[in-house]
Amino acid sequence: MPIQKLPDHLINQIAAGEVVERPASVVKELMENSLDAGAKRIDIDIELGGSRLIRIRDDGRGIDKQELSLALSRHATSKIASLEDLECVASLGFRGEALPSIASVSRLTLRSLQQGAERGWQVQTQSGDVAPPAPCALNTGTQIEVQDLFYNTPARRKFLKTEKTEFRHIDQVVRRLALAHAEVAISLTHNGRSVLSLAAADSDAARDDRVRQLLGDAFIEACVKVEHEAAGLSLSGWLALPTFSRSQADMQHSFVNGRWVRERTLMHAVRHGYRDVLFHGRHPAYVLMLTMDPARVDANAHPAKTEVRFRDSRSVHEFVFRTVERALSETRPGAAVDKPATEAEVAGPTRLAVSAPQAVQGGLALLEAVSSAPHTPTVHAVAEPPLERPPEQGPPLGYALAQLHGVYIVAQNATGMVVVDMHAAHERITYEKLKRDFANRNVVSQPLLVPVRVALASRELQLIEQHDDALRDMGLVVEPAGHEAVVIREIPSLLTQDDAEQILRDVLSDLAEKGTSGRLEALTDELLATMACHHSVRANRRLTLGEMNALLREMEATPRADQCNHGRPTWTQLSMQALDQLFLRGQ
């Protein structure tokens with residue numbers, strides 16, 4: 001066929017293939033338009049999973065009568081006017097293709113009453129043809145009805161899933177936007193039945209309550225709140241404790257300037273922040289909102305706007321990772337308690353009789369990598385509390401009473417009974433000490449007896465040139481060897497038993513994808529965790545009360561002490577109220 005220009009209606013239907021994947025896509029686009037219009041309330045009505053009807057009403061600014069028909073034409077928008085606007089777009093919708101694309105595959109009715117106008121107006125479409133505006137009765141705001149989605153594209157309609165499945169996708173979209181925009185009241189009905197009714201949240205407590213409604217009591221009760229700002233970046237939200245980890249990544253919500261995204265830099269940064277406290281194969285749960293200058297992020301990277309690109313992904317990754325890591329490091333007993341143990345509660349030093357770490361796993365020598373002297377975990381015994389001491393004056397984990405089956409420490413604190421997993425707790429204490437000692441002495445590199453020659457692609461050679469200083473800081477010394485090869489001369493001493501070539505390739509892969517790499521740090525931490533596990537107090541080891549109290553005090557001072565290195569909880573609390581209910585006291 002000769003080259004010819006496609007008709008506008010066909011162009012819109014092609015665009016609909018990108019923008020309107022299913023009914024949930026329609027709901028997302030229309031809700032984003034309502035939010036951009038300054039709506040404080042959005043009502044969504046769905047019938048038959050969205051295939052019969054999608055109706056969205058808002059109380060936003062509305063659309064002028066003269067602009068109603070224009071709103072349904074391709075690439076018409078009030079949100080950008082120049083390339084400069086596109087490069088720093090702050091609105092959720094800006095392409096100007098959603099409404100005409102939706103109208104091309106449905107029967108659409110657009111009604112709107114602009115603020116200050118006397119009457120509302122409506123336009124209707126049929127197969128993409130727009131009727132002239134007609135008056136209608138409406139409150140201030142906009143209402144859009146999308147009926148019989150894909151009625152004129154039977155092939156697309158055939159690919160829709162069951163009503164239940166399609167509505168589940170709609171519900172997910174609504175909940176995501178409700179998480180990011182807590183200041184907006186949102187209601188959702190399906191086939192006339194109310195599914196979701198959220199009041200506007202104007203306080204921290206109300207925002208917590210919205211998260212509780214959307215993600216459940218168990219999530220909000222197992223959360224650490226995050227709020228940090230630096231270098232023009234701001235991160236806030238909720239991080240679930242490692243003990244709330246999931247078998248799949250189904251409760252991970254990340255937002256950039258109010259837009260829900262699945263961005264690999266963010267996901268990797270959060271995962272990296274959980275690396276020391278999450279069990280292998282488990283996924284963290286979180287709601288995180290990153291706010292930054294719109295000029296530093298490209299929101300135009302995907303037709304559905306579910307992906308973004310950062311101008312400087314490395315700084316974003318580092319900021320998110322450090323913020324998450326710092327928040328999780330405070331998960332230790334009594335982290336929120338202002339009053340520490342007094343000096344009068346601390347007696348002379350005592351040592352748990354734990355052997356110094358020796359070479360493990362194929363001859364890895366911690367003594368060479370961490371310290372020139374043997375490292376023996378040291379703890380300080382705490383004097384047993386006098387009987388007349390009021391319990392509310394004690395430390396967070398209280399004082400040890402007994403050892404249960406050589407595995408658990410039973411203690412009493414101000415609110416009730418505490419049970420501590422002896423090995424898991426001491427494993428975390430030992431691991432944090434090993435990490436601290438290793439970091440204080442910086443990374444120790446070891447020259448390879450036989451340097452390893454590695455053939456690389458030109459892109460990988462460029463990465464080595466760009467990140468040479470960073471690689472040396474990691475303990476990885478790499479030198480050019482010809483046109484398309486390098487020689488590995490030194491690697492971190494703790495990793496001498498690993499495949500040097502594979503280490504380099506993995507690090508370069510991280511640098512290419514994320515602009516940074518924590519590969520060597522992760523490998524080192526894994527080995528230190530193994531050593532900590534092998535050289536922590538074992539089950540059936542009898543401890544004196546002084547040693548048990550010493551372990552409790554160390555837990556209170558150790559970062560991430562609520563979990564062991566594998567993500568298991570190290571302690572649990574039974575309040576007096578819970579014990580009374582258990583034994584039916586007062587009933």
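General observations
- Long-range HN-HN contacts of Val195 with modeled amide H, under 5 Å: Leu188, Thr189, His190
- Sequence-distant lysines (8 or more away, or on other chains) whose Cα lies within less than 30 Å of Lys158: Lys5, Lys28, Lys305
- All aspartates and glutamates inside 20 Å of Lys65 as judged from Cα atoms, apart from same-chain residues fewer than 8 positions distant: Asp36, Glu97, Glu118, Asp129, Glu145
- Table column - 3J(HN,Hα) (Hz), segment 315-329, Karplus curve with 6.51, -1.76, 1.60, x for Gly and Pro: 5, 5, 4, 5, 5, 5, 4, 5, 5, 5, 4, 5, 5, 6, 5
- Relative contact order of segment 25-114: 29 percent, from C-alpha pairs under 8 Å at least 6 residues apart in sequence.
- Prolate/oblate/rounded label for segment 8-198 (Cα gyration tensor, a/c 1.5): rounded
- Protection proxy ranking of 2-9, 177-184, 289-296 - average other beta-carbon atoms within 10 Å, highest first: 177-184, 289-296, 2-9
- Under 13 Å, Cβ to Cβ, from Ala206 - net charge with Lys/Arg +1 and Asp/Glu -1: -2
- Order of Leu552, Leu149, Leu196 - criterion: other Cβ atoms within 10 Å of each residue's Cβ, fewest first: Leu196, Leu552, Leu149
- Rounded if a/c under 1.5, otherwise prolate or oblate - segment 270-313, Cα gyration tensor axes: prolate
- A Förster distance of 30 Å, applied to the separation of the beta-carbon atoms of Gln412 and Ser203, puts the FRET efficiency at 0.25.
- Residues of type lysines that Lys225 reaches as a straight line, Cα spacing below 22 Å, ignoring anything fewer than 8 places off in the same chain: Lys339
- Each principal axis of the Cα cloud of segment 196-269 was taken in turn, and the coordinate range along them, longest first, works out to 33, 32, 21 Å.
- Extending 7 Å from Cα along the Cβ direction at Leu449 and again at Glu118 yields two label points whose distance is 9.6 nm.
- Report note on the peptides 464-473, 420-429: ranked by the mean count of other C-beta atoms within 10 Å, highest first, their order is 420-429, 464-473.
- Note, ³J(HN,Hα) from phi for segment 495-506, Karplus 6.51, -1.76, 1.60, rounded to Hz, x at Gly and Pro: 10, 5, 8, 8, 6, 4, 5, 5, 4, 4, 5, 5
- Highest mean packing comes first when the peptides 497-504, 273-280 are listed by Cβ atoms within 10 Å, giving 273-280, 497-504.
- In this structure, the amide hydrogen of Ala201, modeled 1.01 Å from its nitrogen in the peptide plane, lies closer than 5 angstrom to those of Glu183, Val184, counting only residues at least 5 positions away or on a different chain.
- Other-chain or far-sequence residues with amide H under 5 Å of Leu543's (modelled H): none
- 10 Å beta-carbon shell around Pro569, net charge (K/R +1, D/E -1): -1
- Overall form of segment 84-135 per C-alpha gyration tensor (a/c, 1.5; a/b vs b/c): oblate
- The Cβ shell under 15 Å around Gln248 holds other residues with a net charge of +3, Lys and Arg each +1, Asp and Glu each -1.
- Full extension of the chain between His228 and Asp298 gives 22.9 nm of extra length, using 0.36 nm per residue less the Cα-Cα distance.
The numbers here are math on the coordinates, done by the rules we state, and not lab data. Just so it is clear, the model here is predicted, and its values are computed rather than measured. No Cβ is skipped: glycine too gets one built from the backbone with ideal geometry, and neighbour counts run over all protein chains shown.
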